[in-house]
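A.B. asks: Take this structure, written in structure tokens, and hold onto it; I'll ask about it next.
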Amino acid sequence: MRKILVIILLLINVCLVACQSNNNVAAEIEGHLNKIIGDKEIAASSAPIDYIEHNRQEYDSIINTGEDGLQYLTAELKSSKENGLKEWIMAKASTDILKTDNPVTEWSTGKEWINKYTAHE
């Protein structure tokens with residue numbers, strides 16, 4: 001009985017650590033996205049890639065979140081009611097995390113990418 005209790009407590013601890021990690025990834029990504037899309041120096045540009053290039057360190061930090069980041073980005077894209085700059089950058093980051101595992105070769109908006117990506121899951 002004691003072994004079962006210890007195993008249950010260990011599983012609860014693992015779950016709590018995983019949830020905390022996901023919350024940290026979400027906060028990290030949102031912070032970087034807000035900095036990228038809020039960049040006043042590049043605000044006159046209509047090219048989303050300009051925002052990424054001007055904020056390369058923040059963008060690379062999003063990419064470096066790996067699989068956890070990909071899960072967060074795709075969930076946010078699926079639930080977003082918008083289809084603007086933020087969604088485009090989230091889709092681009094997702095493709096950069098996926099690299100050659102990205103099944104979507106052509107897309108022009110974040111929503112278009114997530115819809116095609118979801119169709120391949």
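A.B. asks: Please state which one of T74, T95 is within 14 Å of the chain's Cα centre (by Cα), under 19 Å from N23 (Cβ atoms), at pLDDT 95 or above and not hydrophobic (A, V, I, L, M, F, W, C).
C.D. replies: T74
A.B. asks: Taking only pairs six or more apart or across chains, which ones have beta-carbon atoms under 6 Å, a first residue in region 31-57 that is under 13 Å from E87 (Cα atoms) and of a type outside the set (S, T, Y), and a second residue that is modelled with pLDDT of 95 or more and not in a helix (DSSP H, G or I)?
C.D. replies: I36/N55
A.B. asks: Within region 98-121, take every residue that is among the acidic types (D, E) and at pLDDT 95 or above and give me the one that is nearest to A43 (Cα to Cα).
C.D. replies: Selected residue: E112.
A.B. asks: For I62, state whether it is surrounded by 12 or more Cβ atoms within 10 Å (Cβ to Cβ) and touching a His at 6+ places or on another chain (Cβ under 8 Å).
C.D. replies: Yes: the conditions hold for I62.
A.B. asks: Also: Considering region 92-110 alone, what residues qualify as being touching a residue at least 24 places away in the same chain (Cβ under 8 Å) and either charged (D, E, K, R) or surrounded by 15 or more Cβ atoms within 10 Å (Cβ to Cβ) (or both)?
C.D. replies: Quick first cut of region 92-110, residues touching a residue at least 24 places away in the same chain (Cβ under 8 Å) only: 92-94, 96-98, 109-110.
Within region 92-110, K92, A93, S94, D96, I97, L98, G110 meet the criteria.
A.B. asks: Out of region 69-86, which residues are closer than 21 Å to A47 by Cβ, of a type outside the set (A, V, I, L, M, F, W, C) and surrounded by 13 or more Cβ atoms within 10 Å (Cβ to Cβ)?
C.D. replies: S80, N83, G84, K86, listed by residue number.
A.B. asks: Specify the residue that is surrounded by the fewest Cβ atoms within 10 Å (Cβ to Cβ); the eligible residues are those in region 19-59 that are hydroxyl-bearing (S, T, Y) and more than 18 Å from L98 (Cα to Cα).
C.D. replies: My answer is S46.
The values are calculated or read from the model by the stated rules, or taken from the named source; none is laboratory data. This one's a predicted model, so the numbers in the text were calculated from it and none came from an experiment. We place every Cβ from the backbone using ideal geometry, glycine too, and count neighbours over all the protein chains shown.
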